[in-house]
1. Which is in the same structural domain as H163 (by TED's automatic domain parsing) and at pLDDT 95 or above, of A212, A201, A220?
2. Considering region 192-245 alone, what residues qualify as being free of Cβ contacts under 8 Å to residues at least 40 places away in the same chain, part of a helix (DSSP H, G or I) and within 20 Å of L174 (Cα to Cα)?
3. Anything in region 125-138 that is out of contact with any His (no Cβ under 9 Å at 6 or more places or on another chain) and of a type outside the set (S, T, N, Q)? List them, or say none.
4. Is there a residue in region 62-85 that is farther than 30 Å from D124 by Cα, polar (S, T, N, Q) and modelled with pLDDT of 90 or more?
5. Out of the residues in region 105-147 meeting the condition of being in a helix (DSSP H, G or I) and over 21 Å from the mean Cα position of the chain (by Cα), tell me which one is surrounded by the fewest Cβ atoms within 10 Å (Cβ to Cβ).
6. So, in region 202-252, how many residues would count as being small (G, A, S) and either buried (at least 19 other Cβ atoms within 10 Å of the Cβ) or within 19 Å of P153 (Cβ to Cβ) (or both)?
7. Can you give me the number of residues within region 148-173 that are outside any helix (DSSP H, G or I), of a type outside the set (F, W, Y) and touching a helix residue (DSSP H, G or I) at 6+ places or on another chain (Cβ under 8 Å)?
8. Determine, yes or no, whether V133 is touching a helix residue (DSSP H, G or I) at 6+ places or on another chain (Cβ under 8 Å) and more than 17 Å from G158 (Cα to Cα).
Amino acid sequence: MSRSQLAPGVEVVAVPGRGLAVRTAEGEFLAVRTGDADQTALLSRLSGTAAGEPHGELDRVVRAFEDAGYLADGTRRPRWPADRRAVLLLGDRVLTEPLAALLRALGAEPRTAAHDGGSPSPDDLSAGDPAAVVWCLDGPVPEGLWDAADRLPERGIGWLRCHREGWQAYVDPLAAAPGDVTSAHVRARRLAATPAHRELAAYWSGPRTSGAPVHLTAPAAGLLAALLADDLSRWISGTTDTDGLPARRRLRRVDLRTLTVTEHPVLPVPDVAPTPKQAG
């Protein structure tokens, strides 16, 4: 039988008086019934340090681990494709700098560009043929700022963004194709989901009176950058979502005081049909 090894995050522990238990990647403990299999040989097999000779009972237990998905499949996360390394970063440096460092470590070639506060055209954002555009704001999104960028998925360009509202930050779903969730869709869904929709709309449009400013800490900025980099690298490498909400249908809310992340499903907003003209 070929050498077998536990999948990342899966561990086996010997429990005094109770035999072996497996700790799953989700943190659950399950008892392992080894039967007549030698526990020492089983642990060597699962650690990947020994292939061992064929043994019916031992092979049965190892196959049970494989059937349950607890063995490594031998595949690694695909590297960043060489022809899609260009990524355009826009926004505030407190977020774009840690994001750029993470993307470079993953194999991308991020380029940071300044913006004058206006909404650049899709042609401006597409200059240099980037595989994706990421826009990070250390504050609320001004009205209309992301309207042009919402059209990037129509050109096959990935579109990812985040912004801060007080002590809460929002990481929008990645949009990569026509029909994906845009920033306008997120705004519409958030307004529809709260009874304080008038107040939220007024907060977005401003003006706002603030006291002492909120400063993003390095851990908070690093967390937001890590969420963005992970979403982008999974999409760019074609890694499939295995659990939880799909990245392209998931809005994440980050409490910047506790660094708690909550996920919320979000769908595109269908186009509203035009009002029919009345006869006469």
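The values are calculated or read from the model by the stated rules, or taken from the named source; none is laboratory data. Because the structure is a prediction, the values reported are computed rather than measured. Every residue, glycine as well, gets a Cβ built from its backbone with ideal geometry; the counts of neighbours run over all protein chains shown.
1. Just one listed residue meets the conditions, A220.
2. Correct list: L223, D230, R234.
3. Correct list: L125, A127, G128, D129, P130, A131, A132, V133, V134.
4. no
5. D123
6. 8
7. So the answer is 11.
8. No; evaluated as a whole, the condition is false for this residue.
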